[in-house]
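The values are calculated or read from the model by the stated rules, or taken from the named source; none is laboratory data. The model shown is predicted, which means the values in this text are computed figures rather than measured ones. Counting neighbours? That spans all protein chains shown, and the Cβs are built from the backbone with ideal geometry, glycine included.
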Amino acid sequence: MPKAKYYAEEAIKRNPELASAYVSIAWVKHIYEYDWAGAEVNYRRGIELNPNYATAHHWYGILLYGTGKEELAFKILSKAVELDPSSKIIKCELAISCYRLNKVDRGIEVIDDALEIDPMFLLALDTKYVQLEAGDLETAISISEKAWEQYPDQPGYLRLLFYLNWKADNREAALLYLVELLDLHKDTIQRFEIAKIYLTLDEPESAYRWIQQGIDDREPLVNHLATDPMFRKYHDDPRFRELFKKINHPVYVD
């Protein structure tokens, strides 16, 4: 990340109006330095220089919903989809924004568009069936099992199968997938993903240790737990709040 930032700054020295360089700096500030204000300034500058740059709107939207600015995130991500309608990951981020705003019907519409592009796209399956809670769980489990068979080296499908079976009250199957996930991939999956699993199991003390590890490792998406509605019941817990105060998360800074 420091190298990425260095080269982006060098690019700006050569071309002060290079939108993508400002957006790259913003991304580093956002997901690595936890410099929320600095990230927003650079995202806005990138969009100002190139209003048609979909990635700028995409990443800025992620910053916005991750820091509790849900309505603006929805607007910015809608623009990103308009600019790049073939991008399945941008559609997923818009659907996540819909989930956070309880715009379920719109979210399902958007995520189904993403799944038309790729029916086994992990983030789309997770967004539809785990976050938006749309569709039949048994169908989701069947699709995810096929996806895991096709991509056996992708731990995300095991994680997804844990969540889907847990939601379907197939607790024994869920725990078997969890054991396999941790047995095969405990050293490679992100720490915050393990934290999410412990929060799902309602074991916050273990989850908080993994959140701290994710923060220490500068994991790119650990900060999203701070505002994820799925774990809203923990958001007022002083220990949860203290974790995100340490990185000056805007929602938790006094």
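Some notes on this structure:
- Filter result for the condition that a residue is in a helix (DSSP H, G or I), more than 17 Å from the chain's Cα centre (by Cα) and among the small types (Gly, Ala, Ser), over Ala124, Ala134, Ala140: Ala140
- Spans of helices (runs of 4 or more DSSP H) in segment 1-104 with at least 1 residues within 15 Å of the chain's Cα centre (by Cα), of a type outside the set (D, E, K, R) and surrounded by fewer than 24 Cβ atoms within 10 Å (Cβ to Cβ): 19-31, 54-66, 70-83, 88-101
- Candidates Leu184, Leu175, Leu164, filtered to the one that is at pLDDT 95 or above, part of a helix (DSSP H, G or I) and surrounded by fewer than 15 Cβ atoms within 10 Å (Cβ to Cβ): Leu175
- Conditions (1) surrounded by 18 or more Cβ atoms within 10 Å (Cβ to Cβ); (2) under 30 Å from Lys146 (Cβ atoms): number failed by Tyr208: (2)
- The combined condition, being at pLDDT below 95, of a type in the set (Asp, Glu) and surrounded by fewer than 24 Cβ atoms within 10 Å (Cβ to Cβ), is fulfilled by Glu133.
- Filter result for Glu205 (touching a Phe, Trp or Tyr at 6+ places or on another chain (Cβ under 6 Å) and not hydrophobic (A, V, I, L, M, F, W, C)): no
- Residue in segment 208-226 that is assigned to a helix (DSSP H, G or I) and more than 26 Å from Trp27 (Cβ to Cβ) present: yes
- Failed criterion for Glu93 (all others in (1) among the acidic types (Asp, Glu); (2) touching a residue at least 12 places away in the same chain (Cβ under 8 Å); (3) farther than 23 Å from Phe244 by Cβ hold): (3)
- Complete set of residues in segment 29-84 that are at pLDDT 95 or above and among the polar types (S, T, N, Q): Asn42, Asn50, Asn52, Thr55, Ser78
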